[in-house]
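The next block holds one structure in the form of structure tokens; read it before the comments.
The values are calculated or read from the model by the stated rules, or taken from the named source; none is laboratory data. Computed from a prediction, not measured in an experiment: that's the story for all the values here. Cβ sites come from the backbone with ideal geometry, for glycine too, and all protein chains shown count toward neighbours.
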């Protein structure tokens, strides 16, 4: 309504005027709604792409159709229309996550640089998610396929996303996983990825998300990061320690996550894996671990007595056992023997048992000092038991025997007497014809050391010869005479001590 | 048959006689049309017949050639054209002969009939000798015949469009007319007829006005005629000047000084009908200059076709005092008389237009007049001063006006309560309304209303609503603009503390015994609606409380006993106001989820009331109730389905109402609303709706303005029901196709261009809806056969180069929809179309963002369709 004139020349009907106003307001609502519906229908793909994908997920024919239309989807993705770009990204990312991802077709359609472009601030979170997922899937492909991702500059964009201040857990989780998948391709790839300074944002991401409340999405983000961190640490040719030692403080925090079960357990497991890699090196390297104050917790984690965490820790313990005495002592002070012995006595997992035995082996192979500590910790009876127990894999028996034979090899006469008294000759004889050459050799060497000790201790009559004979030891040694490596040693033993 | 007697009887006071006569006339007409028309023309021409029957014969003849309704007119034209040529020439001879009759009524009737025949025949290149024979001996004719000839020429120019008459004949007509007007013509009737004829012939004089000599001559004659001793000639001459001012604005410069002198004299001294036309001349110049300046302002790069001569600006120092003088010539009780139009009213209106034309320049010329008169004891002076102030509030800049308003506001508020004169109060309230309309709201930087005076303003306005109806009505209007100014001012409105009081006062006004005077009740509801519309979330609970109140009011209108037709009219009008109010409330509360949720508890009852409003009438449906139901449908969404079984019959009734085409149009719109609300739940009603809509389209009785919405409605339904539309596809497509063919080319005036564009838009919306409705269904291939024609239609309107932006946007969208839905099936077809290249490119580079966006989408859809 407009009051142009005080006097209405046209005798404008006011009733009409009100009606007109209401009519216009309805017409504008109609126009808006009509356009809105058209907009939704026209951009059906955009608004329904998630549902389309969901529907297609279990339907091979629908998936095949989507495969066939990759060229169209790719041209949508490269068009100027953002909703089409979005829908196309979603579709391709879905296809790439199927069982037989059409990675080469997608690469050939030329969309990879666009996926990278969509990681720009300009694009929506969901769009970025689909793009990262697609790049992740390609990065998991063959080496050649992963090269394409790197070639188009995905890594710097990934790092930018990791650093962004927004709390987009899911996106960062995917980015961390994608970086991990690239690094996992080969040590060269890993070093290339690390060269961009990827470690720092990854660590700070972990650092920033360790405070409660531990929401599920936060935990899964941590898991992806810890997994990638583990990939960074591993490799046949390990990365230089200096490149990754900065991870130690975070790793310490990760192994302290409680309770180490479920996804948190997996994070802890990754951290333990990292430590097992990091501990596999020089005494200096081991010292860095010790300085990072991880030992107490690691020993405590052995209390879990089972699972991957224990295995990784056992590997670390084994590595530290290769360090200098003071380093070993730290573990001992934290009660490592108690834990190891508990595993030996109550453990049921063969793999864990083997790793435990092999860690102890490392120690028994060192010197009398360490052997004494093992003996003092009452570990020998446990090893003896395991070396004869037939309820585990046969390798467990062998490894236990190895640990014993190492002790026998390196032990003092006194210690050997202790070992023999405990019943150690039986197992050594039992496993001397072991198909595993290492075990076989060690047992032979162990027996040799026992016989030698017996010779000295019992100048008149080597009591140990009799015990070995009781176990048909010499009969078994006889059979080793033809062995190319140890045949000679066997022969000499027979000649010297054989009855 | 003795026609004279029948015609005589047809005017009898005795009803039976009259009815019989009318019946036999009708029979005669149906049985033998040529004979019927021939005897009527014979009667008219016959000098021996009584004047009454001659006049009636002429009138019936005229009605046999023309009608108000488009379709009836078309029928009559076709019938005349197919009539036997001999009969027609006999009839025409009779008519021409009558022009020389001594009986003035017979001549005048014949003039009108001749013009009607000419209106039919000249565009068909028939009756080429007419103008020649009219003009052949005009100089030798006796005065009466001359006058009749000039009158005929005038009617003729009114009846036919300029392009059907050769310039040669135009020259002859103008020569005869202007000679008839000149002071040398001794006969007043001839001169008057000539002056009135010129008024109609001005549209033909394009070429003559471009010729300096001819134009000078015409202008001189017109100006001379304004000085004629005969008042009717002076009035007719000023009417010519008014018409010239709008048709030949750009030719006026040499004459404007003289015209000013003539008009000023007329305004001051002449009789009112003449003075009103003299003022109208300046109002008309204002209209022209406002349009031109608006075009200047709208687009600096493209100048208006016509330059502005700033006549008003130049005349300002003399024009404004002249207009201010007129303001003092009020009549007593003019505010109560709804039909009043006098020199003071015309002067104020013109002053308002002058203010809009020149802006700030008018302020110093008017302020002294206001200051001098505003406190005078004579009410005329106070009223004139207030009126002058109110008139100049639109046009000048807020910077110029706000200091004045800040001073005046308190004075005005006090005058509105204390002035003893009702005229002064009326104009004061109006002026306050104008102040709020133009100087209050988010567009103005320095607010004139503060927390301090807001309370006072509202108190005064609510007080004035108890004044006489005319004052109360203006107070409602002022409140309307006060509320409007606070629209979208944020989450909190200064009116919130007064909301309850305002609503209560407005409701009280609607219950005043005298609320039907000065359309007071209507104004009160209109203001209530605006107050609700502009309210904020703070007052949402109060708006909710209003729902049962208005529902009760509506309920009360339904309680009436047997009503007289007058009472029924009043009841219906009140129901209209209440339904309109409910519509506004529904839209307001439906706009946000929490309020909608609470409102929904009333939905069933409100719908029940609307249905009862419908039930009050038998033949037609209530427009306002229908529209409010559309609003309700958006609020209820798919739940509206529960009302459909009862509501459907009224929907159908509305669609069937051809006579009241607005009712039909409103109902068509509501079908769209309901389709959107119900989606596929509308399917059970589609057969009935589509059948009726198709029937409407094929009828030539339906007003053309309803056709575009019907087509849009096809689109709405198709979008709602998807592939289910298959049932109607063939019929809908055929209706669309024939309308599309008609609307590709436009030949006609601006109004027709506008209509054609709205028709195109409706057709295109239908296509979009159908394509998008069928998308992703297994039945898309059903649409393939229609694609070539649709593409042809798009190419066609593109090549015509006369579509507006809305059509452009919709059209390019249809191109995308076609590609989107048909995909590879239409790939090559699309590539061959002009639309997919030139048209698309033009749209892609459009500055209109909506067009561009549509085009981007179409481009994508096409690239997808052709890449497969």
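Could you please find all residues in the stretch B:555-574 being away from every other protein chain (no Cβ under 11 Å), modelled with pLDDT of 85 or more and touching a helix residue (DSSP H, G or I) at 6+ places or on another chain (Cβ under 7 Å)?
B:555, B:557, B:558, B:571 - these are the residues of the stretch B:555-574 that are away from every other protein chain (no Cβ under 11 Å), modelled with pLDDT of 85 or more and touching a helix residue (DSSP H, G or I) at 6+ places or on another chain (Cβ under 7 Å).
Tell me which residues, restricted to the stretch B:655-665, are part of a helix (DSSP H, G or I) and within 14 Å of another protein chain (Cβ to nearest Cβ).
B:661, B:662, B:663, B:664, B:665 - these are the residues of the stretch B:655-665 that are part of a helix (DSSP H, G or I) and within 14 Å of another protein chain (Cβ to nearest Cβ).
Give B:237, B:264 a once-over and let me know the one that is within 33 Å of the chain's Cα centre (by Cα), under 26 Å from residue B:353 (Cβ atoms) and buried (at least 21 other Cβ atoms within 10 Å of the Cβ).
Criteria check complete, one pass: B:237.
When you scan the stretch B:766-868 for helices (runs of 4 or more DSSP H) that lie fully inside it, which ones turn up with 2 or more residues that are within 13 Å of chain A (Cβ to nearest Cβ), in contact with a helix residue (DSSP H, G or I) (Cβ under 9 Å, 6 or more places away or on another chain) and touching a residue at least 24 places away in the same chain (Cβ under 8 Å)?
B:805-822, B:849-867
Which of the residues belonging to the stretch A:192-206 are in a helix (DSSP H, G or I) and over 18 Å from the mean Cα position of the chain (by Cα)?
Within the stretch A:192-206, A:192, A:195, A:200, A:201, A:204 qualify.
Determine which member of the set B:710, B:674 is within 12 Å of another protein chain (Cβ to nearest Cβ) and within 19 Å of residue A:28 (Cα to Cα).
B:674
Please tell me if residue B:672 is within 33 Å of the chain's Cα centre (by Cα) and crowded, with 24+ Cβ neighbours inside 10 Å.
Judged against the criteria, residue B:672 is a match.
Only one residue in A:203, A:221 is surrounded by fewer than 22 Cβ atoms within 10 Å (Cβ to Cβ) and modelled with pLDDT of 90 or more. Which one?
None of the other options fit; the residue is A:203.
Could you list, in sequence order, the residues of the stretch A:341-357 that are within 22 Å of residue A:375 (Cβ to Cβ), assigned to a helix (DSSP H, G or I) and in contact with a helix residue (DSSP H, G or I) (Cβ under 6 Å, 6 or more places away or on another chain)?
Listed by number, the residues that qualify are A:341, A:343, A:344, A:345, A:353, A:354, A:355, A:356, A:357.
For the stretch B:526-545, how many residues meet the condition of being in a helix (DSSP H, G or I) and under 20 Å from residue A:19 (Cα atoms)?
So the count comes out to 8.
Any residue that is over 15 Å from the mean Cα position of the chain (by Cα), free of Cβ contacts under 8 Å to residues at least 40 places away in the same chain, more than 23 Å from residue A:121 (Cα to Cα) and surrounded by fewer than 14 Cβ atoms within 10 Å (Cβ to Cβ) - is there at least one of those in the stretch A:164-171?
no
Suppose we keep only residues that are farther than 26 Å from residue B:771 by Cβ and within 8 Å of chain B (Cβ to nearest Cβ) within the stretch A:22-59. Which one would you say is nearest to the chain's Cα centre (by Cα)?
Result: A:25.
The rows are residues; the columns are (1) modelled with pLDDT of 85 or more; (2) part of a helix (DSSP H, G or I); (3) within 14 Å of chain B (Cβ to nearest Cβ); (4) within 17 Å of residue B:858 (Cα to Cα).
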| site | (1), (2), (3), (4) |
| --- | --- |
| A:61 | no, yes, no, no |
| A:79 | no, no, yes, yes |
| A:84 | no, yes, yes, yes |
| A:87 | yes, yes, yes, yes |
| A:91 | yes, yes, yes, no |
| A:94 | yes, yes, no, no |
| A:101 | yes, no, no, no |
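Can you find a residue in the stretch B:290-307 that is part of a helix (DSSP H, G or I), within 14 Å of another protein chain (Cβ to nearest Cβ) and under 19 Å from residue B:431 (Cβ atoms)?
no
When you go through B:513, B:501 one by one, which is the residue that is away from chain A (no Cβ under 14 Å), within 22 Å of residue B:552 (Cα to Cα) and assigned to a loop (DSSP other than H, G, I, E, B)?
Every option except B:513 fails the conditions.
Considering only residues that are more than 23 Å from residue A:23 (Cα to Cα) and at pLDDT below 90, look in the stretch B:575-598 and name the one that is farthest from the other protein chains (Cβ to nearest Cβ).
B:594
Residues being surrounded by 20 or more Cβ atoms within 10 Å (Cβ to Cβ) and outside any helix (DSSP H, G or I): count how many of those fall in the stretch B:450-484.
Counting residues in the stretch B:450-484 that are surrounded by 20 or more Cβ atoms within 10 Å (Cβ to Cβ) and outside any helix (DSSP H, G or I) gives 1.
Among the candidates B:179, B:169, single out the residue that is in contact with a helix residue (DSSP H, G or I) (Cβ under 7 Å, 6 or more places away or on another chain) and under 24 Å from residue B:111 (Cα atoms).
B:169 is the lone residue from the list that is in contact with a helix residue (DSSP H, G or I) (Cβ under 7 Å, 6 or more places away or on another chain) and under 24 Å from residue B:111 (Cα atoms).
Pick out the one residue from B:44, B:59, B:76, B:95 that is over 37 Å from the mean Cα position of the chain (by Cα), part of a helix (DSSP H, G or I) and surrounded by 15 or more Cβ atoms within 10 Å (Cβ to Cβ).
B:44
Taking the options B:528, B:482, name whichever one is within 28 Å of residue B:392 (Cβ to Cβ), within 14 Å of chain A (Cβ to nearest Cβ) and either touching a helix residue (DSSP H, G or I) at 6+ places or on another chain (Cβ under 7 Å) or modelled with pLDDT of 95 or more (or both).
B:482
Within the stretch B:326-398, considering only helices (runs of 4 or more DSSP H) that don't extend past its boundaries, which have at least 2 residues that are within 11 Å of chain A (Cβ to nearest Cβ)?
Here the list reads B:343-358, B:379-391.
For the subset of the stretch B:402-445 comprising residues that are assigned to a loop (DSSP other than H, G, I, E, B), touching a helix residue (DSSP H, G or I) at 6+ places or on another chain (Cβ under 6 Å) and more than 14 Å from chain A (Cβ to nearest Cβ), which member is nearest to residue B:470 (Cα to Cα)?
B:421
Here is a yes/no grid of residues against (1) modelled with pLDDT under 95; (2) more than 19 Å from residue B:709 (Cα to Cα); (3) within 11 Å of chain A (Cβ to nearest Cβ):
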{"site": "B:619", "(1), (2), (3)": "yes, yes, no"}
{"site": "B:623", "(1), (2), (3)": "yes, no, yes"}
{"site": "B:633", "(1), (2), (3)": "no, no, yes"}
{"site": "B:638", "(1), (2), (3)": "yes, yes, no"}
{"site": "B:649", "(1), (2), (3)": "yes, yes, no"}
{"site": "B:667", "(1), (2), (3)": "no, no, no"}
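Got a sec? Which of B:408, B:429 is over 27 Å from residue B:285 (Cβ atoms) and crowded, with 24+ Cβ neighbours inside 10 Å?
When all the criteria are applied, what remains is B:429.
Pick from the stretch B:605-624 the residues that are assigned to a helix (DSSP H, G or I) and without any contact (Cβ under 8 Å) to a residue 24 or more places away in the chain: which of them is farthest from residue A:28 (Cα to Cα)?
Out of the qualifying residues, it is B:615.
Out of B:489, B:552, report the one residue that is outside any helix (DSSP H, G or I) and either away from chain A (no Cβ under 14 Å) or at pLDDT 95 or above (or both).
B:489
Kindly provide the set of residues from the stretch A:226-247 that are in a loop (DSSP other than H, G, I, E, B), touching a residue at least 40 places away in the same chain (Cβ under 8 Å) and more than 12 Å from residue A:193 (Cβ to Cβ), ordered by number.
Correct list: A:234, A:236, A:237, A:238.
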